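The values are calculated or read from the model by the stated rules, or taken from the named source; none is laboratory data. Quantities reported herein were computed from a predicted structural model and do not represent experimental measurements. Here the Cβ positions follow ideal geometry from the backbone for every residue, glycine too, while neighbour counts run over all protein chains shown.
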2 protein chains.
Amino acid sequence: MFKAKVYVSLKPTVNDPQGLTIRGALHGLGFDRVNSVRAGKYLEIMVNEEDQARAEAQVDEMCRKVLANPVIETYHFELERVSG
Amino acid sequence: MFKAKVYVSLKPTVNDPQGLTIRGALHGLGFDRVNSVRAGKYLEIMVNEEDQARAEAQVDEMCRKVLANPVIETYHFELERVSG
């Protein structure tokens, strides 16, 4: 069994209204040292697979097909073997 | 300047309909080795601060006050010094 930690973020050139809103809220609360905020997704996926290479290939395919939009987003992930 | 990578996830006991929906979509596409999916947020925040301890204190306060809901969510973050 592997736990995959998947990070999906917008590409740097893509406009991020959610991040701008969060930055505005932070500035409004006095956190004026915040220069920029980029918002993304964090997913933890348990994959019932014992072979690391196969688990990696599956998670990569999930990212490409479902979890990230390759036109505007990038992703990366880490695998961690867990017992169970 | 520091880049803070902030991860916000639901506490393990909290129901996660978004994660269940993503799991359903993955199963529907044939990824039947996926046991569970937990959905969370990933934020990259640039903090214009040269002192690491002060940057850390500020990001922690942002997490508690704005970025995470401490009733149902947990968070952790990493700081990385960047030039600029």
Item to complete: Would you point out the residue of the range B:6-22, among those that are buried (at least 18 other Cβ atoms within 10 Å of the Cβ) and not small (Gly, Ala, Ser), that is nearest to B:Gln58 (Cα to Cα)?
Response: B:Val6
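If a residue counts only when it is closer than 19 Å to B:Arg23 by Cβ and out of contact with any Ser or Thr (no Cβ under 9 Å at 6 or more places or on another chain), which strands (runs of 3 or more DSSP E) contained entirely in chain A have at least 3 such residues? Full working, then the answer.
Working: elements: A:2-10, A:34-47, A:73-81.
Counting at least 3 such residues, we get A:2-10, A:73-81.
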Item to complete: With respect to B:Glu73, determine if the residue is under 19 Å from A:Tyr7 (Cβ atoms), more than 7 Å from chain A (Cβ to nearest Cβ) and either surrounded by fewer than 16 Cβ atoms within 10 Å (Cβ to Cβ) or among the β-branched types (Val, Ile, Thr) (or both).
Response: no
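The rows are residues; the columns are (1) at pLDDT 95 or above; (2) in contact with a Leu (Cβ under 6 Å, 6 or more places away or on another chain); (3) more than 10 Å from chain A (Cβ to nearest Cβ).
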| site | (1), (2), (3) |
| --- | --- |
| B:Met1 | no, no, no |
| B:Ala4 | yes, yes, no |
| B:Thr13 | no, no, yes |
| B:Met46 | yes, no, no |
| B:Glu61 | yes, no, no |
| B:Arg64 | no, no, yes |
| B:Leu79 | yes, no, yes |
| B:Val82 | no, no, yes |
Item to complete: All but one of (1) more than 10 Å from chain A (Cβ to nearest Cβ); (2) over 18 Å from the mean Cα position of the chain (by Cα) hold for B:Arg54, so report the exception by its number.
Response: (1)
Worksheet entry | Candidate set: the range A:15-31, residues that are over 21 Å from the mean Cα position of the chain (by Cα) and either within 9 Å of chain B (Cβ to nearest Cβ) or in contact (Cβ under 8 Å) with a residue 24 or more places away in the chain (or both); chosen: the one farthest from A:His76 (Cα to Cα) | A:Leu29
Worksheet item: Of all residues in the range B:23-54 being touching a Lys or Arg at 6+ places or on another chain (Cβ under 8 Å) and of a type in the set (A, V, I, L, M, F, W, C), which is surrounded by the fewest Cβ atoms within 10 Å (Cβ to Cβ)?
Response: B:Leu29
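Quick one: would you say A:Asn35 is within 21 Å of B:Leu79 (Cβ to Cβ) and at the interface with another protein chain (Cβ under 7 Å from one of its Cβ atoms)?
Numbers: within 21 Å of B:Leu79 (Cβ to Cβ): yes; at the interface with another protein chain (Cβ under 7 Å from one of its Cβ atoms): yes.
Answer is yes for this residue.
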